[in-house]
Amino acid sequence: MLTISLEKIDFLPPTRVTDDTSVLTLKNLVFEPLLRWDNGSVSPGLFSHWTQAEDGCNWAFHIREGAVFHDGKRCVAEDIISFLNGILDAVDTFGMKWSYARYLKDARISADSDAILCVSNPKPIADIVDIFSEFYICRLDANGRPLLGTGRYRVSDYEPQKNVLLEKTNGASGPDRILALAEKRADMRYEQLRSGYVDAASNLERVDKALDFSLDYQWGKAVNTLSVMYYLNCSKGIFRSPAARLAVNYAVDTQAIAEDIFHGLAVPSATIVSPFHLGAAKANLSPIPFDPEKARRLLGELDTSNDVELRTPTFMPERAPEMSAFVAASLEAVGLKVNVTTQLDRPEYARQIGRKDMGDMAIFDSSPHSTYRILNDKISSATQAVWWQGYDDEETEALIADANMAVEDADREEAYALCLKRLQQNPPWLYLVHPIDVFAARKDLRGLSIDNKGTLNIR
């Protein structure tokens with residue numbers, strides 16, 4: 001049996017989508033995503049293959065042969081339709097309607113047979129593959145718990161927020177059993193490994209002090225797709241000016257944030273997405289350089305007499321107060337006057353940002369691994385979705401529209417690369433860093449790895 005320590009043990013309701021790395025680790029063992037995300041592209045998951053019409057409006061997804069839930073029920077297209085309808089009708093943890101309902105509001109999702117799911121849309125919808133990679137199909141068990149999947153492991157015992165015991169299904173790879181324990185504190189997860197209580201521990205990047213990376217253990221690291229950034233209020237105040245938005249990106253030494261605040265476990269951001277999102281490799285961007293003199297020149301042409309209100313929570317993103325203090329000092333060093341206000345209620349903070357009650361700038365994290373989702377949820381002035389903060393640039397909007405109409409993978413990659421380049425030239429946000437996720441394990445273990453979503457993979 002393999003014993004692992006995770007920050008959280010939870011199986012969320014079928015209508016909930018999450019980027020929590022502990023939850024995703026469990027999901028990847030017990031459930032299957034419709035499609036697997038792989039550094040911007042997708043590969044088969046529960047859908048073994050798929051076809052599309054040349055116009056990109058009609059898609060057929062084929063369920064892999066032999067897909068069976070852990071209670072023995074065959075997985076059919078109607079199961080997936082029921083699952084999707086539940087998500088489209090649900091709200092997120094902050095009480096806001098999921099964006100998926102907007103993406104698919106004109107789509108018709110139907111079963112061509114038990115094994116084929118069809119999606120038809122009036123406009124090209126190649127981004128359906130990105131959306132489907134976020135959905136892990138599950139059903140409720142006899143006790144109403146969302147534990148029945150089609151994955152390699154079945155749940156044999158489960159205490160929410162405490163532990164879960166998983167057993168391997170016939171013919172699957174990996175250890176026969178996996179015991180996952182919940183430990184909220186990263187320092188204690190590391191101590192559990194050092195004491196021999198567990199075989200592996202995840203999210204050790206969150207320990208209080210710099211990790212020692214002891215040679216007694218094997219270590220795995222991966223840059224996370226999550227972007228830590230500041231929303232800039234593009235509707236009113238100084239950040240209506242593109243020059244001001246560019247200036248603050250020159251004013252902040254993001255490499256220093258990565259080294260000093262994250263103890264080296266982060267890399268500076270270059271645009272709205274990580275290096276692993278679709279279009280990023282093609283765009284091949286470097287982070288905006290730290291250049292306070294250039295920031296002063298850009299701000300010198302603007303009215304900087306009013307205070308800048310910088311808003312921050314105490315967590316999510318991790319180390320938010322420390323970053324906000326650093327950024328405030330950096331902006332004051334180039335001539336801005338900054339007031340920092342702290343919101344202690346994190347869910348309310350998110351709701352306020354969604355209502356555009358954000359002051360002049362507000363630290364946040366952008367988690368979707370879909371370039372399409374980030375552009376259409378957070379950047380586009382055509383959709384003006386919940387996380388949009390007033391950014392309005394005609395050139396960017398035209399590029400987003402072109403990307404949304406692209407169908408072939410190469411065309412999508414090229415279209416998104418153009419979007420990402422433009423959004424570095426005329427940034428809507430203050431770009432900061434992408435955290436690096438870390439796990440450690442016994443040196444003799446084999447088959448453990450970590451991906452860029454922070455998922456601990458076990459083979």
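The values are calculated or read from the model by the stated rules, or taken from the named source; none is laboratory data. What you see is a predicted model; the values in this text were computed from it and never measured. When we count neighbours, we look across all protein chains shown, and the Cβ atoms used for this are built from the backbone with ideal geometry, even at glycine.
From the set of residues in the stretch 111-153 that are among the polar types (S, T, N, Q) and out of contact with any Pro (no Cβ under 6 Å at 6 or more places or on another chain), which is nearest to Met1 (Cα to Cα)?
Filtering the stretch 111-153 for residues that are among the polar types (S, T, N, Q) and out of contact with any Pro (no Cβ under 6 Å at 6 or more places or on another chain), the one nearest to Met1 (Cα to Cα) comes out as Thr150.
With respect to the numbered conditions (1) modelled with pLDDT under 95; (2) crowded, with 20+ Cβ neighbours inside 10 Å, which one is the sole condition not fulfilled by Leu26?
(1)
Only one of these is closer than 30 Å to Tyr136 by Cα and either free of Cβ contacts under 8 Å to residues at least 12 places away in the same chain or surrounded by fewer than 24 Cβ atoms within 10 Å (Cβ to Cβ) (or both): Ala385, Ala403. Name it.
It is Ala385.
Given the conditions (1) touching a residue at least 40 places away in the same chain (Cβ under 8 Å); (2) outside the structural domain of Cys75 (by TED's automatic domain parsing); (3) over 27 Å from His369 (Cβ atoms), report the number of the one that Asp114 does not fulfil.
Asp114 satisfies all of (1) touching a residue at least 40 places away in the same chain (Cβ under 8 Å); (2) outside the structural domain of Cys75 (by TED's automatic domain parsing); (3) over 27 Å from His369 (Cβ atoms) except (2).
Please specify each residue of the stretch 280-308 satisfying the condition of being closer than 15 Å to Asp253 by Cβ and either among the aromatic types (Phe, Trp, Tyr) or in contact (Cβ under 8 Å) with a residue 24 or more places away in the chain (or both).
Within the stretch 280-308, Pro287, Ile288, Pro289, Phe290, Asp291, Pro292, Lys294, Ala295, Arg296 qualify.
Yes or no: Ala53 in contact with a helix residue (DSSP H, G or I) (Cβ under 6 Å, 6 or more places away or on another chain) and surrounded by fewer than 19 Cβ atoms within 10 Å (Cβ to Cβ)? First the steps, then the outcome.
Numbers: in contact with a helix residue (DSSP H, G or I) (Cβ under 6 Å, 6 or more places away or on another chain): no; surrounded by fewer than 19 Cβ atoms within 10 Å (Cβ to Cβ): yes.
No; evaluated as a whole, the condition is false for this residue.
Take the residues in the stretch 117-140 that are in contact with a strand residue (DSSP E or B) (Cβ under 6 Å, 6 or more places away or on another chain) and either of a type in the set (A, V, I, L, M) or without any contact (Cβ under 8 Å) to a residue 40 or more places away in the chain (or both), then tell me which one is surrounded by the fewest Cβ atoms within 10 Å (Cβ to Cβ).
The qualifying residue surrounded by the fewest Cβ atoms within 10 Å (Cβ to Cβ) is Val119.
Take the conditions touching a residue at least 12 places away in the same chain (Cβ under 8 Å), assigned to a strand (DSSP E or B) and over 21 Å from Pro242 (Cβ atoms) and apply them to Arg311. Does it pass?
So Arg311 fits the description; yes.
What's the total number of residues in the stretch 170-189 that are modelled with pLDDT of 95 or more and either out of contact with any Ser or Thr (no Cβ under 6 Å at 6 or more places or on another chain) or not assigned by TED's automatic domain parsing to the domain that holds Lys27 (or both)?
Within the stretch 170-189, the first condition is being modelled with pLDDT of 95 or more, and the residues that meet it are 175-189.
Right, trim to either out of contact with any Ser or Thr (no Cβ under 6 Å at 6 or more places or on another chain) or not assigned by TED's automatic domain parsing to the domain that holds Lys27 (or both) and you get 175-178, 180, 182, 184-188.
Residues flagged as modelled with pLDDT of 95 or more and either out of contact with any Ser or Thr (no Cβ under 6 Å at 6 or more places or on another chain) or not assigned by TED's automatic domain parsing to the domain that holds Lys27 (or both) within the stretch 170-189 amount to 11.
Name the residues in the stretch 364-393 that are assigned to a loop (DSSP other than H, G, I, E, B) and among the aliphatic types (A, V, I, L, M), would you?
Ala382, Ala385, Val386
Is one or more of the residues making up the stretch 342-363 part of a loop (DSSP other than H, G, I, E, B), free of Cβ contacts under 8 Å to residues at least 40 places away in the same chain and buried (at least 16 other Cβ atoms within 10 Å of the Cβ)?
No, that holds for no residue.
Select the strands (runs of 3 or more DSSP E) contained entirely in the stretch 7-110, then report the ones holding at least 1 residues which are free of Cβ contacts under 8 Å to residues at least 24 places away in the same chain and touching a strand residue (DSSP E or B) at 6+ places or on another chain (Cβ under 6 Å). Steps first, answer last, please.
Working: elements: 35-38, 41-44, 47-52, 58-63.
Here the list reads 41-44, 47-52.
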